[in-house]
Every structure is written in C-alpha cells, then in structure tokens.
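Contents: one structure, followed by commentary.
The values are calculated or read from the model by the stated rules, or taken from the named source; none is laboratory data. Keep in mind that this is a model prediction, so the values were computed, not measured. Methodologically, a virtual Cβ is constructed for each residue, glycine included, from the backbone with ideal geometry; neighbour enumeration extends over all protein chains shown.
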C-alpha cells in the first residue's frame, strides 16, 4: 500500500531522533497518520504530526537501542484518543539507503502497536523506520491482524522521492 | 473559523448530528439527515451549510440530492466538497451577521 | 531497455529513469493543455498514467488537441482514447488507466497518483481538484490560459503554471483563487464558456509543467526548493515568476491544514468558546 509523508515532517522527525539521550543509544517517537481512500482497493496512509517520546520515559537498558516505559505508551494512546488518528512508532537508522527493522524491532514493537489499535481500531497503525534518505513501514490496517510489509512510501516535497 | 458554542448548539437543536468541517479555508457544517420543509421530497437529506461567502453568495446550503418542492427551484450549482458531490440552488440571502440557525432557516425558506 | 532512446537524458541523474518510471501521474483534463502534457510525459519516459476526460473530439478542438485528427472528430473519439493512442505510440508498455468522465465521478484512482497535472476549465474546478490533492498529499501542477479583450486594445493573452505542493502555499495563498474570481464565475453559473484557446501557449505552459515534474522527481537542477507560480504573458512572450511571490510572507499553507488530510471525518465539537 501507499504511505505519504511531507518532507518537512520527515526532516523534522530525523532531526529530533538524531538528538542524543542520556541513557538511550537512540531515540524513538510516534507519528500520527490518517487513512485515505480506505474504501478503495488502494488505501493510503497519510502522516500528520510527530510526537517525540519525552526524555524521562526512556528506560536505562544497555541491551536495547531504546526502551520506553509504560508512560510513553499511555501518552501515545492518549494522542490516538485526542486526535482520532492512527499512530506509528518511529525511529531512525542513521545511514543512507533502505533501512531494515532489527529482530528486536520486529519482536517488540508490534506489542506497542497492539495498544494503539485498542485506542482506535478504525485507523491504520504501525511502525516506521527512517534512514537519512529513505524509509520503510509495517502497517496494520483496521480489521486486520497481519501487517502489510510491501509498501510504497513517498516523501512529498522538494524533491519528491518514491521508495518501493 | 470559530463559532460560539451556543450557536452550534442551536444548530444541533435543528439537526442533532451537526458537525463542523474545514476545507480550503472555508468552514462548513455537515447536517446529516436534515429534515426538509413540508411538501418537499425526500423528507430528509444530508446537507452542508456554508455560513460565509461562497462563490458570490453570502451563504450557501448544499444538499446531497436535488430536493423536489412546490417551489420552482434553480439548481445552479454542483460542487465537490469534503469528497462528496453536493447540489445548491441559486438563492442569496442579503442579510449578514446572522446566527447559524438563522442562516439555515433563511436558506430553507427557498424550499417552502 | 530504451538506452538508445534516452541516452540524451542522462544529465537528469544516474537513476532518473527509475524515478520517472516508478511515478504514477494523474492527468485531469485532456484538452489543449492536457494533450500536450500527455505527449511530453510519454516522450520523457513516464510509464504509469491515470487520465480523466469526459469529452469527445470535436472539430473545434482540432486547432489545439495534440494527437487528434479529422477521423477522431468523425468517430467522436473520446479524448482519453486519443491520449492513450498518443502515449502508447511512444511507450507500448505504458500502463494507462483511462476514465471517460469527470474525475469527480471516479475519484478513487486519482488519490493513488504521485502527482497530478490539472488542465481544467474554471476556478471552481481548480479549487475542487486542489482540495483533493491537498487532502491526499499529492503535488498538483496546474496550467491554464486565457485571452480577453479590453476595449479597442489588442486582446491580452495570459496564463499560469502553478505547483501546489502540499504543506506549501496553495492557490488561495497565492491569490490565484479568491472569492472575487469565484464569485464572477459563479455569476455565470460556473460556466467557463467557450474561451479562446490556441495551441502555442498551451505548448509553453505544458512544457513548463512537464519540466517541473521531471525536476521534482529527478532533482536534476538541485535548485527546485520553493513554490512555483509562473505567469505567462502571451503578448510579450514571457513566462516568469509571478510578481505576487515577492509579497508572499508565509511558505506554509493557512487554508489546508494537517487536520484536513485523509478521508473526511466529523470534527468533534468541544465545550469551549473556540472550536477548531
């Protein structure tokens, strides 16, 4: 399926995630998203705003790049309730080219997504991974327990970049 | 655009599902299953009220379908708003600074 | 494949062909402007098209409808089929989804496009198309021309090329769409009427639009970073940035906000003096 993110938002997220943290090796955040064209055979996920995880909500865990506490999850669920949108967990791998989710990402982040889906089952939720110039996503559509992997993500702006 | 809560409440007394939308800098009020005036068909229709200037009219009432009434109506406009098609008659209300419910009432007068 | 054909386009960058061929372009309106655009996109190498036009070829079109011929007029050929023939003549393997109707009658495929070319008649039509493009975060490149008379003076030919980039200034921000022009059009019940149309300004505007699209995808100039609003003066033969741009204070849009993206959903009225 298709996902679209404004370049200004993409760069803002990258900039925020590049900040160092006292205990975490990397930062994570959440990006709100609205589903479009949902009743067609070609739905599209449209990213809206970035919600960084607050500094105090990281857990000191050297075995993980970043681990967030239950407050972070609760705040994310509240964003879903307040905005009526979906939410995507986001983090960044600082290199060029197509990034890849780690095994830890694939093991643990879906549980976060499950909580978000409880808060609003009518929107798409998922996980988003950025590199310096590309991104990939796993998307859980309303009513489906299996994520969609094979996605076409467009960074909308100057230039227009379509990653497949 | 901001509207006082009491005006929106008045609108909801006429149409309980009334809700505000914004598109392209214009405010609309979606009025689901708005009851049409007597002798109109159908008796209920989804409507979109634009209480501000819209393409030369001081306000506009868009309907999801062309309502039949005892009046001879000039359905001059078909427009796509909020990803739906809407129809409107050529009917201009000269007054301004009206409350939302007043705008709606004056718009519906065209169908009586 | 097509190495010989495109070897003069290598200046567009190492991966230009992949970027062009991956893009899905929507063409709304296949008249004088849109037919030019279709032709040029095919020449450049675009592969995936979704095209809308509900009209058939008429004799009055032949002064400007690229790809049309007298047989098409006799046969009342849909403009979509003329465009399809034009594109396929240059790219046999082009993927073309054609809709013989107004885009409003079949809008779902438009939302799947990576960029949209708008060659529609009238300001209200432009507003509707831009609203859809903004809602689904799709860049829209709009072109149009007009000729109008002013007393005994020679007719004045003008036109525009506007890149409406989601997040950036929209046509209302740029002052191109405003209540005055929409009201004037509304007085004529929205009928843009049989306006003067000729082939050469359409070619200029369409070429600019295609050039913008190629730059947007390939970034070959590495200088396309801001709003584009080009004003065409057909009497002087100039196409240049509109004078209004120097007065544009904001580079973000105040009319289409992030809350408006996606399929419309009802906004919750909160118990406060301010409803957002």
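Just one of the numbered conditions (1) assigned to a loop (DSSP other than H, G, I, E, B); (2) modelled with pLDDT of 95 or more; (3) at the interface with another protein chain (Cβ under 7 Å from one of its Cβ atoms) is not true of residue C:267; which one?
All conditions pass for residue C:267, except number (2).
Kindly indicate whether residue B:53 is within 14 Å of the chain's Cα centre (by Cα) and at pLDDT 95 or above.
no
When you check residue A:79 against the structure, is it part of a helix (DSSP H, G or I), within 14 Å of chain C (Cβ to nearest Cβ) and touching a strand residue (DSSP E or B) at 6+ places or on another chain (Cβ under 7 Å), yes or no?
yes
Looking only at residues in the range C:112-144 that are modelled with pLDDT of 95 or more and away from every other protein chain (no Cβ under 14 Å), which one is surrounded by the most Cβ atoms within 10 Å (Cβ to Cβ)?
Restricting to residues being modelled with pLDDT of 95 or more and away from every other protein chain (no Cβ under 14 Å), the top hit is C:143.
Only one residue in B:98, B:61 is under 19 Å from residue B:11 (Cβ atoms) and in contact with a strand residue (DSSP E or B) (Cβ under 9 Å, 6 or more places away or on another chain). Which one?
B:61
For the range A:39-75, which positions are under 14 Å from the mean Cα position of the chain (by Cα), under 30 Å from residue C:50 (Cβ atoms) and buried (at least 19 other Cβ atoms within 10 Å of the Cβ)?
Within the range A:39-75, A:45, A:46, A:47, A:48 qualify.
Considering only residues that are loosely packed, with under 15 Cβ neighbours inside 10 Å and not in a loop (DSSP other than H, G, I, E, B), which ones fall in the range B:6-32?
B:6, B:9, B:13
How about the range B:23-36: which of its residues are away from every other protein chain (no Cβ under 11 Å) and either out of contact with any helix residue (DSSP H, G or I) (no Cβ under 9 Å at 6 or more places or on another chain) or more than 18 Å from residue B:90 (Cα to Cα) (or both)?
The answer is B:31, B:33, B:34, B:35.
Restricting attention to the range B:89-104, report how many residues are more than 11 Å from chain C (Cβ to nearest Cβ) and surrounded by fewer than 15 Cβ atoms within 10 Å (Cβ to Cβ).
Summing the residues that are more than 11 Å from chain C (Cβ to nearest Cβ) and surrounded by fewer than 15 Cβ atoms within 10 Å (Cβ to Cβ) in the range B:89-104 gives 4.
Return the residues of the range C:165-194 that are away from every other protein chain (no Cβ under 11 Å) and modelled with pLDDT of 80 or more; say none if nothing qualifies.
If the condition is that a residue be away from every other protein chain (no Cβ under 11 Å) and modelled with pLDDT of 80 or more, then C:169, C:174, C:175, C:176 are the ones that fit.
Out of (1) away from every other protein chain (no Cβ under 14 Å); (2) within 24 Å of residue C:122 (Cα to Cα); (3) without any contact (Cβ under 8 Å) to a residue 40 or more places away in the chain, the odd one out for residue B:86 is which?
(1)
Tell me yes or no: at least one residue of the range C:7-24 is in a strand (DSSP E or B) and closer than 23 Å to residue C:115 by Cβ.
So far as the range C:7-24 goes, yes, one or more of its residues are in a strand (DSSP E or B) and closer than 23 Å to residue C:115 by Cβ.
Out of the residues in the range A:19-38 meeting the condition of being more than 12 Å from chain C (Cβ to nearest Cβ) and under 15 Å from the mean Cα position of the chain (by Cα), tell me which one is surrounded by the most Cβ atoms within 10 Å (Cβ to Cβ).
Selected residue: A:30.
I'm trying to understand the selection: among the residues of the range C:187-246, which are out of contact with any helix residue (DSSP H, G or I) (no Cβ under 8 Å at 6 or more places or on another chain), part of a loop (DSSP other than H, G, I, E, B) and within 29 Å of residue C:22 (Cβ to Cβ)?
Within the range C:187-246, C:219, C:222, C:223, C:225, C:226 meet the criteria.
Pick from the range A:27-50 the residues that are outside any strand (DSSP E or B) and in contact with a helix residue (DSSP H, G or I) (Cβ under 7 Å, 6 or more places away or on another chain): which of them is farthest from residue C:259 (Cα to Cα)?
Per the criteria, the residue is A:27.
Here's the yes/no breakdown for (1) more than 23 Å from residue C:143 (Cα to Cα); (2) surrounded by 17 or more Cβ atoms within 10 Å (Cβ to Cβ):
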| residue | (1), (2) |
| --- | --- |
| C:12 | yes, yes |
| C:26 | no, yes |
| C:29 | no, yes |
| C:48 | no, yes |
| C:75 | yes, no |
